[in-house]
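*Asks:* Quick one: this structure, given as structure tokens, is what I'll be asking you about.
The values are calculated or read from the model by the stated rules, or taken from the named source; none is laboratory data. Everything numeric in this text was worked out from a predicted model, so none of it was measured. Quick reminder, even Gly has a Cβ in these numbers, built from the backbone with ideal geometry, and neighbours come from all protein chains shown. Side chains are part of the model used for accessible areas, which takes the heavy atoms of the whole protein and leaves out ligands, DNA and RNA. Shrake-Rupley method; radii C 1.70, N 1.55, O 1.52, S 1.80 Å.
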Amino acid sequence: MNKYEAVLIFKADMADSERESLLDRFKDIIGQDGEVTNVDDWGKRKLAYEINDLKEGYYYIVDFDSNPDHIKEFERRLRLSDFVIRYMVIRKED
């Protein structure tokens, strides 16, 4: 298993319960073939540039361990979500 870090930016106008539910769903996807080690809630922040007329986003940093094959499925699910503005998954060096 490799160590990864994901930056997730959700739409800022979501209700807290919706946002937590969506984050839990993504953590469950990771948990299918890995383990979430840390979730850092950065809160609502201004975006560096407008994305689809949105100026703010809600940021999460998720550290997790997973197999490399599972990352493609995780990214596919992130792409399909209407509430995710941007995401980035990187492999951390040991």
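*Asks:* Helix 68-80 against the longest principal axis of the chain: what's the angle in degrees, Cα atoms only, rounded to the nearest 10?
*Replies:* Here the helix axis deviates by roughly 20 degrees.
*Asks:* Assigning unit charges at the beta carbon (Lys, Arg +1; Asp, Glu -1) and nothing else, what dipole magnitude in debye, to the nearest 20, does the chain show about its Cα centre?
*Replies:* 340 debye
*Asks:* While we're here: Probe radius 1.4 Å, ligands and nucleic acids left out: which of 63, 40 has the largest accessible area, and how do the rest follow?
*Replies:* Largest accessible area first, the list is 40, 63.
*Asks:* Follow-up question, since we're still on this one. With the other protein chains left in place, how much accessible area per residue, in square angstrom, belongs to the chain at a 1.4 angstrom probe?
*Replies:* 64 Å²
*Asks:* May I ask you to list the residues of segment 68-93 whose amide nitrogen lies under 16 Å from a point 7 Å from Cα along the Cα→beta-carbon direction of residue 48?
*Replies:* 85-90
*Asks:* Calculated from DSSP H runs of 4 or more alone, at -39500 (n - 2.57) each and per residue, what is the 222 nm mean residue ellipticity of the chain, nearest 500?
*Replies:* Estimated from H runs of four or more residues: -10000 deg cm²/dmol.
*Asks:* Rank 52, 80, 42 by how far each Cα sits towards the positive end of the charge dipole of the chain (+1 on Lys, Arg Cβ; -1 on Asp, Glu Cβ) and give me just the farthest.
*Replies:* Final value for the positive-end residue is 52.
*Asks:* Further question: Could you compute the net charge surrounding residue 20? Neighbours are other residues with a C-beta less than 11 Å from the C-beta of residue 20; K and R count +1, D and E count -1.
*Replies:* Residues near residue 20 contribute -1 overall.
*Asks:* To continue, here is another question. Using θ = phi - 60° and the Karplus relation 6.51 cos²θ - 1.76 cosθ + 1.60, list the HN-Hα couplings for segment 33-49 in order, rounded to whole Hz, with x at every Gly or Pro.
*Replies:* 9, x, 8, 7, 9, 7, 10, 10, 8, 8, x, 7, 9, 6, 6, 5, 8
*Asks:* Another question about this same structure. How many angstrom lie between the C-alpha centres of segment 61-94 and segment 1-60?
*Replies:* So the two Cα centres are separated by 10 Å.
*Asks:* List the residues whose amide H sits under 5 Å from the amide H of residue 86, counting only those 5 or more places along or on another chain, with H placed 1.01 Å from N in the peptide plane.
*Replies:* 9
*Asks:* Counting other C-beta atoms within 10 Å, and keeping those with at most 14, which DSSP coil GluC sites (Glu not before Pro) do you find in the chain?
*Replies:* 93
*Asks:* Using the basic label-point model (7 angstrom from Cα toward the beta carbon), what is the residue 61 to residue 1 distance in nanometres?
*Replies:* Taking the two extended label points, one gets 2.1 nm.
*Asks:* Separate question: Given a 1.4 Å probe and every protein chain left where it sits, what share in percent of the accessible area of the chain is carbon and sulfur?
*Replies:* 43 percent
*Asks:* Give me log10 I(q)/I(0) at q = 0.11, 0.22, 0.25, 0.26 Å⁻¹ for the chain, Debye formula, one equal scatterer per alpha-carbon, no solvent.
*Replies:* Each listed q maps to, in turn, -0.30, -1.13, -1.38, -1.45.
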